[in-house]
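Accompanying notes for the structure given below.
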Amino acid sequence: MLRMFATDGGHSFMHLPVDEAVRWLDGVTSGEVERLVAFAENALAEDAYRDAAAAALRVLELGAKGESRRRAEEALAEVDKAAAAEARKLEKAVAHNANGDWVDGFWEFRRQFAFAPVAGTVMASYQKLRDEHEPPAEKAFWAVRRESDDDVRKRKYLEIVDEYYPSSFYKMIKRWYE
């Protein structure tokens, strides 16, 4: 249950949010149930649903009982409540898969709700689609890398974005051309 910490500081290490990352890692990997429950509840208060779900799931993984378990389950229910409408919408979009119009919304949903129990179907459906799109996307990507004409290269890269939007290449190529 990882979280990406990024900065706009380029490649300069002094701009990395190290303190924030260490605090997060310390909080979410704790073996202390009460500390994890508090972390989950604080994350919920800040609408940090991914962190809340990660901490609450860790509480359950540790086999918490009684009040701690109830509070962790309550936190997960709140995450599910926040994710439910978008999860239903994305489930339909991924299943229908008429085009890639849903993909950017999926990435934002995944960033916040990947660990929410209600997101399970969306995440599994996306993974299945990604597994189908990844091999041809990878083949096309490496073929384009050998292309010397910049205009042709750009056009072919954007074809990968349009045709293989569930692949791991989508976000990278899209970022290159935004």
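Any residue that is hydroxyl-bearing (Ser, Thr, Tyr), buried (at least 20 other Cβ atoms within 10 Å of the Cβ) and under 25 Å from residue 30 (Cβ atoms) - is there at least one of those in region 49-65? Walk me through how you get there before you give the answer.
Going residue by residue through region 49-65, those that are hydroxyl-bearing (Ser, Thr, Tyr) are 49.
Checking the rest, the ones that are also buried (at least 20 other Cβ atoms within 10 Å of the Cβ) come to 49.
If we keep only those that are under 25 Å from residue 30 (Cβ atoms) too, we end up with 49.
The answer is yes; a qualifying residue exists.
What single numbered condition from (1) in contact (Cβ under 8 Å) with a residue 40 or more places away in the chain; (2) farther than 16 Å from residue 171 by Cβ fails to hold for residue 139? Result: residue 139 fails condition (1) only.
Looking at region 74-128 only, could you name the residues that are touching a residue at least 60 places away in the same chain (Cβ under 8 Å) and of a type in the set (A, V, I, L, M, F, W, C)? If the condition is that a residue be touching a residue at least 60 places away in the same chain (Cβ under 8 Å) and of a type in the set (A, V, I, L, M, F, W, C), then 103, 107, 113, 114, 115, 116 are the ones that fit. Selection over region 39-98 of residues that are over 14 Å from residue 119 (Cα atoms), assigned to a helix (DSSP H, G or I) and of a type in the set (Lys, Arg) gives a count of 4.
So in region 136-178, with the set limited to residues that are of a type in the set (Gly, Ala, Ser) and surrounded by fewer than 20 Cβ atoms within 10 Å (Cβ to Cβ), which one is farthest from the chain's Cα centre (by Cα)?
Narrowing region 136-178 to residues of a type in the set (Gly, Ala, Ser): 137, 140, 143, 148, 167-168.
Subset that is surrounded by fewer than 20 Cβ atoms within 10 Å (Cβ to Cβ): 140, 143, 148, 168.
Details: 140: 25, 143: 28, 148: 34, 168: 12 Å.
It comes out as 148.
Total residues in region 124-143 satisfying the condition of being closer than 25 Å to residue 57 by Cα and in contact with a helix residue (DSSP H, G or I) (Cβ under 7 Å, 6 or more places away or on another chain): the figure is 2.
FYI, it's all coordinate maths here, none of it is from the lab. Treat the numbers as computed from the prediction; the structure is a model and nothing was measured. Reconstructed Cβ throughout: ideal geometry from the backbone, glycine too, with neighbour counts over all protein chains shown.
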